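Structure record follows, encoded as structure tokens.
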Amino acid sequence: MKVLVTGAAGFIGFYLARKLLDAGHYVVGLDNLNDYYDVSLKQARLDELTPYPAFRFVRLDLADRQGMAALFASEGFDQVAHMAAQAGVRYSLENPHAYVDSNLVGFVNILEGCRHHAVKHLVYASSSSVYGENGKTPFAETDNVDHPVSLYAATKKSNELMADTYSHLYRFPATGLRFFTVYGPWGRPDMALFKFVRAILAGEPIDVYNHGDMARDFTYVDDIVEGVVRVMGVPLAASEGPAPHRIFNIGRGQPVQLADFIAAIEQVTGRSAVRNMMPMQPGDVPVTWADTSALLAATGYRPQVALADGVRRFVDWYRRYYRV
């Protein structure tokens, strides 16, 4: 199978591309290598993929309409795994245009490519951020998500609506995946685990928002990618329903209090954190919690990795990669 993996130099895209390559698929990896965070980390991920004979990297911006059209026309992809996006809740307050260009314009270019070139299944990354300040827990795919509290979340909700429309009009299967706080080795430097470990090992204070009264459904990256691959294998039939499109949560299903998360890092590093208590940041929510029963019913899979194991794997990788 020939698969386009967008965001192949990014955190989840890198893991997904590697898993597909290990399974014997041909992967075209797309990324624009922007400088939202350290480009050398993105390049190091790519360096892990380039030895695979069945991998080809394309440096291209999703918002490049002509470039994207030419890529789809020349490659004949069987499936598209769209993991690329401008990520980050807080950064969307600083640079909204980056989110419009990548997450909206870029997503239309993906949909157009799937429409015109008979792609058998589009699987794309959504986010738990779409749930906003949902008062009901755990969050289920049937919950109302009409009130996102950040532009990032609004673009992800828009992606789901756009995919549903294209799937309805042009009858190609599409699946959106709402990821819940992904972490693990090779993770993004703007994520809490990365920032906390870096600061704690350096003896610097960590910023603890909402004075620590927060909980997150931390999900290890291998669990996320296993879920993505399983979903790729079970597209809806093109004739099914008003649109062959559906949404799944992928999360551990076990929210962790921020204090317990920090304690797990302290345990693994053998260092105590100096906490700088801060108010809630605009766009943040106090809790996320995934109901994963729909994913389990469709694929037989439920995320497995416990937080303590995942944190240990990340810290081991961080020490090796940064030689600390």
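Listed cross-link partners Lys19/Lys42; Lys42/Lys195; Lys42/Lys157; Lys2/Lys120; Lys157/Lys195; Lys136/Lys156 are compared with a 22 Å cut-off, the Cα-Cα value being larger for Lys42/Lys157; Lys157/Lys195.
Just the number please: accessible area per residue for the range 1-100, 1.4 Å probe, all protein chains included, in Å².
Result: 42 Å² per residue.
The phi-based Karplus calculation (6.51 cos²θ - 1.76 cosθ + 1.60; θ = phi - 60°) puts the 3J(HN,Hα) values of the range 266-275 at 4, 4, 6, 7, x, 10, 9, 7, 9, 9 Hz, whole numbers, x for Gly and Pro. Protection proxy ranking, highest mean first, for peptides 101-114, 59-72: 101-114, 59-72, where packing is the per-residue count of other beta-carbon atoms within 10 Å, averaged. Across the options Ile262, Val287, Gln304, the greatest Cα extent toward the positive end of the charge dipole of the chain (unit charges at beta carbon of Lys, Arg, Asp, Glu) belongs to Gln304. The 3J(HN,Hα) values that the Karplus relation (6.51, -1.76, 1.60; θ = phi - 60°) gives for the range 121-134 are, in residue order, 6, 9, 10, 9, 7, 9, 7, 5, 4, 5, 6, x, 8, 4 Hz. Gly and Pro appear as x. The long axis of helix 151-170 is offset from the longest Cα principal axis of the chain by roughly 20 degrees. With the charge dipole of the chain set up from +1 on Lys and Arg Cβ and -1 on Asp and Glu Cβ about the Cα centre, the Cα lying farthest toward the positive end among the listed residues Ser74, His147, Tyr52 is that of Tyr52. His147 to Arg323: FRET efficiency via 1/(1 + (r/R0)^6), r the Cβ-Cβ distance, R0 56 Å, to the nearest 0.05? Efficiency, from the Cβ-Cβ distance: 0.80.
How do the peptides 142-153, 187-198 rank, highest first, by the average count of neighbouring beta carbon atoms within 10 Å per residue? Write down the numbers at each step before the final one.
Values: 142-153: 17.1, 187-198: 18.7.
Put in order of decreasing packing, that is 187-198, 142-153.
Remark on Arg178: its backbone amide H falls under 5 Å from those of Ser126, Phe248, Asn249, Ile250, a criterion applied only to residues 5 or more positions apart or on other chains, H modelled at 1.01 Å from N. Potential lengthening of the chain between Asn276 and Ala23 amounts to 86.6 nm, from the contour at 0.36 nm per residue minus the alpha-carbon distance.
Nothing charged except the Cβ atoms of Lys and Arg (+1) and of Asp and Glu (-1): what's the magnitude of the dipole of the chain about its Cα centre? Round to the nearest 20 debye.
Working: 31 positive and 34 negative charges, 124 e Å.
In debye, rounded to 20, the chain gives about 600.
Can you tell me the relative contact order of the chain? Whole percent, Cα pairs under 8 Å, sequence separation 6 or more. Walk me through the numbers on the way to the answer.
On the way: 649 pairs, mean separation 58.4, N = 324.
Reported relative contact order: 18 percent.
Across the accessible surface of the chain, with the other protein chains kept in place and a 1.4 Å probe, carbon and sulfur atoms take up 51 percent. Using 1/(1 + (r/R0)^6) with R0 = 56 angstrom and r between the beta carbons of Val58 and Glu133, what's the FRET efficiency to the nearest 0.05? Computed FRET efficiency for Val58 and Glu133 comes out at 0.90.
The values are calculated or read from the model by the stated rules, or taken from the named source; none is laboratory data. Everything numeric here is computed off the predicted structure, so don't read it as measured data. Note: ideal-geometry Cβ built from the backbone for every residue, glycine included; neighbour counts use all protein chains shown. Protein only, heavy atoms only, side chains kept; ligands, DNA and RNA dropped before computing areas. Shrake-Rupley method; radii C 1.70, N 1.55, O 1.52, S 1.80 Å.
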